[in-house]
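Scroll down for the structure; my scribbles are underneath it.
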Amino acid sequence: MRLQVFLSHNGVCSRREAMALIQDGQVKVNGRVEWEPSFDVSGDEDISVDGKKVVVKSYTYVMLHKPPGYTTTRDDPFADKIVLDLLPKNLQHLSPVGRLDKDSEGLLLMTNDGTWAYGLTHPKFHLDKTYVVHAHGKLSQANQSKLQQGVMIEDEKTAPCRIAQVRYNVADTEFQITIHEGKKRQIRRMLWSVGHKVFFLKRISIGPLHLGSLTIGQYRELTQQEIQSLSTVTSNKS
């Protein structure tokens, strides 16, 4: 992790302020002044700012296979079930990363690391998210092209997307769609704009991270490699 990011990540200050502190010579790594904001640190070093040691915060990163019927929120008095209900009490301080609507299922990330969550959700990072979709009717090649080029939703055009693995059944179409935006109920609204109603929606990947065989309703903590792989994707696009 870059030194500038490390300071922000652990609540010292903003990234912009961290750069100024480093360039002013106020930051030491293992007793030596470090002048380079992009200097790579692991967090195991003795890092201080203006003589005060930086305490490394404890963060938790969880992948949840959200079932349909659960609202993606920390608190909603009108929701019958929320995603925190699926976690044990020691993990109920975590917050969902981004959206996954009540009727949908699949990969949902949860963390108490706001900086990391910001990197996964801010539109400027263009992080790909892939979904399995089942929609009523036959999705024609013409409508596939419209979706891939972007369609109008409430006077705003969606960004280009990718459609793959299209399979036609008797009365519906199954396919995968990859988008990098996160508008409310975006995929359902996109399909509706070309005359198709979605009746099944499952997110299977976020960036390089895949849901895999995680059972519906279950969760697991991310590995350090998975955490870093997502961090690397967003930092490369910043």
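The values are calculated or read from the model by the stated rules, or taken from the named source; none is laboratory data. What you are looking at is a predicted structure, and each value in this text was computed from that prediction instead of being measured. Note that each Cβ is placed from the backbone with ideal geometry, even for glycine, and that neighbours are counted across all protein chains shown.
The table that follows gives values for the structure above.
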item: Residue satisfying condition, being under 22 Å from Ile227 (Cβ atoms), touching a residue at least 12 places away in the same chain (Cβ under 8 Å) and touching a Ser or Thr at 6+ places or on another chain (Cβ under 8 Å), within set Val41, Val54; result: Val54
item: Residue identified as surrounded by 15 or more Cβ atoms within 10 Å (Cβ to Cβ) and either without any contact (Cβ under 8 Å) to a residue 12 or more places away in the chain or in contact with a Phe, Trp or Tyr (Cβ under 9 Å, 6 or more places away or on another chain) (or both) among Gln165, Gln176, Gln186, Gln228; result: Gln176
item: Identity of the residue in segment 100-112, out of contact with any Ser or Thr (no Cβ under 6 Å at 6 or more places or on another chain) and more than 15 Å from Leu222 (Cβ to Cβ), that ends up surrounded by the fewest Cβ atoms within 10 Å (Cβ to Cβ); result: Asp103
item: Selected residue (criterion: farthest from Ser213 (Cα to Cα)) from residues of segment 57-72 that are exposed (fewer than 15 other Cβ atoms within 10 Å of the Cβ) and in contact (Cβ under 8 Å) with a residue 12 or more places away in the chain; result: Lys57
item: Within segment 17-70, tally of residues that are under 30 Å from Val198 (Cβ atoms), of a type in the set (Phe, Trp, Tyr) and in a loop (DSSP other than H, G, I, E, B); result: 1
item: Which listed residue is within 27 Å of His9 (Cα to Cα), modelled with pLDDT of 95 or more and of a type in the set (Val, Ile, Thr), from Val83, Val151; result: Val83
item: Single condition Thr115 does not satisfy, out of (1) of a type in the set (Val, Ile, Thr); (2) touching a strand residue (DSSP E or B) at 6+ places or on another chain (Cβ under 6 Å); (3) under 27 Å from Pro208 (Cβ atoms); result: (2)
item: Hits in segment 71-93 - residues which are within 20 Å of the chain's Cα centre (by Cα) and assigned to a loop (DSSP other than H, G, I, E, B); result: Thr72, Thr73, Arg74, Asp75, Leu87, Gln92, His93
item: Count - residues of segment 115-127 that are surrounded by 14 or more Cβ atoms within 10 Å (Cβ to Cβ), touching a Ser or Thr at 6+ places or on another chain (Cβ under 8 Å) and either part of a helix (DSSP H, G or I) or modelled with pLDDT of 95 or more (or both); result: 6
item: Failed criterion for Ser145 (all others in (1) touching a helix residue (DSSP H, G or I) at 6+ places or on another chain (Cβ under 9 Å); (2) over 28 Å from Ile216 (Cα atoms) hold); result: (1)
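Per-residue answers, yes or no, for (1) surrounded by 12 or more Cβ atoms within 10 Å (Cβ to Cβ); (2) within 30 Å of Tyr219 (Cα to Cα):
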position	(1), (2)
Phe6	yes, yes
His9	yes, yes
Met19	yes, no
Asp24	no, no
Gly31	no, no
Phe39	yes, no
Val49	yes, no
